[in-house]
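Trainee: If you scroll down you'll find the structure; I have some questions about it.
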Amino acid sequence: ENLVLVRKMLTTTNIFSKVLSHHRNFFSSQIVKRHGSNRAKRGLYHLKDVRSGNSVSFSERKTRRKWKPNVQTKKFWSQILCCWLRFKVTTHAIKCIDKKGGIDKYILETPESKLNSIAGNNAKRMLLSKLDDSNN
């Protein structure tokens, strides 16, 4: 519910200062609430993760298998930080980043439950601190 406030208030720098003061200690812990693989916690997977199930042959013999997400290493330009950010991202996350209009907006507007990533939370913390410094 706290991050919904962030999404609604991301339009002007005046509002950023209100959001930053409200969420200053919100990202102090590294706790990721949704269970996910360690692999997903190191990148931006946007709720995609390794799935498991059965491969079923014509004779209906079941063999265990895994479905891995399509993960790419990609660099994104952050306009707030003025530097390149490198992440392992799924193609679904790349589409979401394009839809939001850039890596900065994606990281700031996406709820922590969908990021589900220590790398994403660290990037969010860096962006918020940079915005806080620029507003003061």
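The values are calculated or read from the model by the stated rules, or taken from the named source; none is laboratory data. Keep in mind the model is a prediction, meaning the values are calculated, not measured. Cβ coordinates were reconstructed from backbone atoms using ideal geometry, including for glycine residues, and neighbour counts include every protein chain displayed.
Trainee: How many of the residues in the range 88-107 are hydroxyl-bearing (S, T, Y), over 12 Å from K74 (Cβ atoms) and in contact with a Pro (Cβ under 8 Å, 6 or more places away or on another chain)? Show your work before the answer.
Mentor: Residues of the range 88-107 that are hydroxyl-bearing (S, T, Y), as a first pass: 90-91, 106.
Checking the rest, the ones that are also over 12 Å from K74 (Cβ atoms) come to 106.
Keeping just the survivors that are in contact with a Pro (Cβ under 8 Å, 6 or more places away or on another chain) gives none.
Number satisfying all stated conditions: 0.
Trainee: Identify the single condition in (1) surrounded by fewer than 16 Cβ atoms within 10 Å (Cβ to Cβ); (2) part of a loop (DSSP other than H, G, I, E, B); (3) of a type outside the set (V, I, T); (4) modelled with pLDDT of 95 or more that H35 does not satisfy, given that it satisfies every other one.
Mentor: (4)
Trainee: Here is a list: W77, W84. Which entry is in contact with a Cys (Cβ under 9 Å, 6 or more places away or on another chain) and exposed (fewer than 15 other Cβ atoms within 10 Å of the Cβ)?
Mentor: On the way: W84 fails: in contact with a Cys (Cβ under 9 Å, 6 or more places away or on another chain).
Being in contact with a Cys (Cβ under 9 Å, 6 or more places away or on another chain) and exposed (fewer than 15 other Cβ atoms within 10 Å of the Cβ) holds for just one of W77, W84, which is W77.
Trainee: Quick check on my filter: what residues within the range 46-104 are assigned to a strand (DSSP E or B) and of a type in the set (G, A, S)?
Mentor: Scanning the range 46-104 gives S52, G53, S55, S78.
Trainee: Tell me whether the range 110-133 contains one or more residues that are of a type in the set (A, V, I, L, M, F, W, C), part of a loop (DSSP other than H, G, I, E, B) and farther than 22 Å from G36 by Cβ. So that I can check it myself, show each step before the final result.
Mentor: The initial filter retains those residues of the range 110-133 that are of a type in the set (A, V, I, L, M, F, W, C), namely 115, 118-119, 123, 126-128, 131.
Remaining after also requiring part of a loop (DSSP other than H, G, I, E, B): none.
So far as the range 110-133 goes, no, none of its residues is of a type in the set (A, V, I, L, M, F, W, C), part of a loop (DSSP other than H, G, I, E, B) and farther than 22 Å from G36 by Cβ.
Trainee: Can you run down the residue pairs with Cβ atoms below 7 Å, 6 or more apart or on separate chains, where the first is in the range 40-63 and among the β-branched types (V, I, T) and at pLDDT 95 or above and the partner is part of a strand (DSSP E or B) and surrounded by fewer than 19 Cβ atoms within 10 Å (Cβ to Cβ)?
Mentor: Correct list of pairs: V56/K62; T63/N54; T63/S55.
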